[in-house]
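Each remark here refers to the structure printed beneath this line.
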Amino acid sequence: MHNHDHDADAHSLIAEDPELSFYAKRAAAIEALLIEKGMVTADNIRRRIEIMDSRTPAVGAQVVAKAWVDPDFRTRLLANAKAAVAELDIEVESPNLVAVENTVGIHNVIVCTLCSCYPTVLLGASPGWYKSLEYRARVVVDARGVLREFGLELDEEVQVRVYDSTAEMRYIVIPQRPDGTEHMSEEELAALITRDSMIGVARARTPAGEMES
Ligand code: FE
């Protein structure tokens, strides 16, 4: 590592911290340069981080819960998910978003075989396993086996469909609404809808709290 002659400002202090990883130092150095060159402001970056942090699976759960209780919304979501979520003021950056619905006979699961494309706006940051080479390689050849490892055993008659995401096309799974939830409010239903159920590696929770099997 070579030393720069920059003023000893806060950024160079971050970049010199021996506790930080190479990547953290590199990110801090790039951030400092972008600010110095006037390409971004510290405020832009802070705002961006706030937006990223506001994205959690609760956003996707809100969409699915609405689809469960509102048949017209469900129809619009299945027809054009990007337009349907825009009704809820959710802006999807990818050109296309497709919602795929689990039924008694069809189970959908999403992957990105090429890299790690993921509906971040609806589900927040992707889990580590989603980005793993193992998941990406195996789910397309043995979806049932991979789902079993997640604790999801599907009947033989259930057809499994695997959707391969791209930068252009993101997917979200609408899990099946569990039995015994007819009396529940949209908000109560949303609490049953987990991140994994919207990726398709799990079912929605049952009202009692345990996973339906
Ligand atoms: Fe990708």
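A few comments on the model shown:
- The single condition among (1) away from the ligand (no atom under 16 Å from the Cβ); (2) farther than 21 Å from Arg161 by Cβ; (3) of a type in the set (Gly, Ala, Ser) that Ala67 does not satisfy is (2).
- The set of residues in region 163-194 being buried (at least 17 other Cβ atoms within 10 Å of the Cβ) and either more than 20 Å from Val104 (Cα to Cα) or of a type in the set (A, V, I, L, M, F, W, C) (or both) consists of Ser165, Arg170, Ile172, Val173, Ile174, Met184, Leu189, Ala190, Leu192, Ile193.
- Options Ala58, Ala84; residue that is touching a Lys or Arg at 6+ places or on another chain (Cβ under 6 Å) and small (Gly, Ala, Ser): Ala84
- Unique residue being surrounded by 14 or more Cβ atoms within 10 Å (Cβ to Cβ) and either in contact with a helix residue (DSSP H, G or I) (Cβ under 6 Å, 6 or more places away or on another chain) or small (Gly, Ala, Ser) (or both) when the list is Tyr135, Tyr118: Tyr135
- Among residues of region 100-127 that are in contact (Cβ under 8 Å) with a residue 24 or more places away in the chain and more than 18 Å from Leu77 (Cα to Cα), those with a Cβ under 7 angstrom from a residue that is more than 14 Å from the ligand (Cβ to nearest atom) and in a loop (DSSP other than H, G, I, E, B), sequence gap 6+ or separate chain, pair up as Gly105/Glu157; Gly105/Val158; Gly124/Arg55; Gly124/Thr56.
- Residue check for Asp72: among the acidic types (Asp, Glu), assigned to a helix (DSSP H, G or I) and under 30 Å from Ala27 (Cβ atoms): no
- Residue match in region 176-187 (condition: part of a helix (DSSP H, G or I), under 28 Å from Ala84 (Cα atoms) and more than 12 Å from the chain's Cα centre (by Cα)): yes
- Picking from residues in region 99-115 that are polar (S, T, N, Q), in a loop (DSSP other than H, G, I, E, B) and closer than 28 Å to Pro178 by Cα, the one that is nearest to the ligand (Cβ to nearest atom) is Asn102.
- In summary, helices (runs of 4 or more DSSP H) completely within region 116-173 and bearing 2 or more residues that are more than 12 Å from the ligand (Cβ to nearest atom) and within 17 Å of Leu97 (Cβ to Cβ) occur at 120-123.
- When we screen Val158, Val201 for residues that are more than 25 Å from Ala79 (Cβ to Cβ), of a type in the set (A, V, I, L, M) and at pLDDT 95 or above, the only hit is Val201.
The values are calculated or read from the model by the stated rules, or taken from the named source; none is laboratory data. These numbers were taken from a predicted model, which means no experiment stands behind them. Every residue, glycine as well, gets a Cβ built from its backbone with ideal geometry; the counts of neighbours run over all protein chains shown.
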